[in-house]
Amino acid sequence: MRLEAISWERLTEALAERVAGMKAADGSPWLRVAVDGAPAAEPRALAQRVGDALRVLGREALVLDAGAFLRPASLRYEFGREDPDAYYDTWLDTGALWREVFGPLEPGGDGRVLPDLWDPVTDRATRSPYVQLPPGAVALLHGPLLLGRWFPFDLTVHLRLSAAALARRTPEQDRWTLPAFARYEEEADPAEAADVLVRLDDPRRPAWRPERP
């Protein structure tokens, strides 16, 4: 796989410019972008940078954390607190994301998005108010294991770590999730599925594939 070295500044700028020039393939007046990556790859940081850059370009952007759309602990931990298959299959409340984010941003939707639903720390509903996105706005959803779920993203960015880098940069208490990411590589093949691939084995020297072959 051929990748090009790029700085974080140029990566942010290039992604923002690409998104700012896009139109949704399904005719929606809103764009839906994924920044997919394991927590060790820090997808939140890139999503926030791109969101800031989009606002400078005159496009309103809402950064959404997939971690704020997890199921309640009683459902996440049904098979134990450290079950990698449950982490992969059932932790994310995909139904809530469809209902509260993707549905309102479909063609004919009202653009009224819930920015978060559940606080996994307190295990309570966040009760945040809805956000009204104007036509032309961009929703940036960041988090792990987002691809292969049939979400209607207009652009997908995958932050890739090799298995060794992922293991090295994942805290000891979270290493039980590593089999889930190995399964993700095998079943979803995010490096090939994503529109844009960013390799982060050395976070100081990112490299990217700007277009899917």
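A few comments on the model shown:
- Neighbourhood charge, 10 Å Cβ-Cβ cut-off, centred on G143 and excluding it, Lys, Arg +1 and Asp, Glu -1: -1
- Note on segment 97-213: Cα convex hull, mean projected area over all directions, 9.4 nm².
- Stokes-Einstein diffusion coefficient of segment 110-157, Kirkwood radius over Cα pairs, 4 °C, 1.567 mPa s, in µm²/s: 100 µm²/s
- Centre separation in Å (Cα based) which lies between segment 146-204 and segment 23-86: 13 Å
- Heavy-atom accessible area ranking, 1.4 Å probe, most first, across S28, S7: S7, S28
- Label-to-label distance for M22 and A167 is 3.4 nm, based on points extended 7 Å past Cα in the beta-carbon direction.
- Rg to Rh, two decimals, where the chain supplies the alpha carbon set and Rh follows Kirkwood: 0.95
- Looking at segment 88-213 alone, DSSP beta bridges between its own residues are antiparallel in about 65 percent of cases.
- Surface accessible to a 1.4 Å probe, per residue, for the residues of the chain, Å²: 50 Å²
- DSSP-defined antiparallel bridges as percent of all bridges, the chain, nearest 5: 35 percent
- Across G51, G27, G111, mean-square fluctuation computed from a Gaussian network of the chain (C-alpha pairs under 10 Å connected) peaks at G27.
- Looking at segment 139-213, the chymotrypsin sites (Phe, Trp or Tyr not before Pro) that sit in a DSSP loop and have at most 14 other Cβ atoms within 10 Å of their own Cβ are W150.
The values are calculated or read from the model by the stated rules, or taken from the named source; none is laboratory data. Remember, it's a predicted structure, so these values are computed and weren't measured experimentally. Cβ sites come from the backbone with ideal geometry, for glycine too, and all protein chains shown count toward neighbours. Quick note on the areas: whole protein, heavy atoms, side chains included, nothing else; ligands and nucleic acids left out. Shrake-Rupley method; radii C 1.70, N 1.55, O 1.52, S 1.80 Å.
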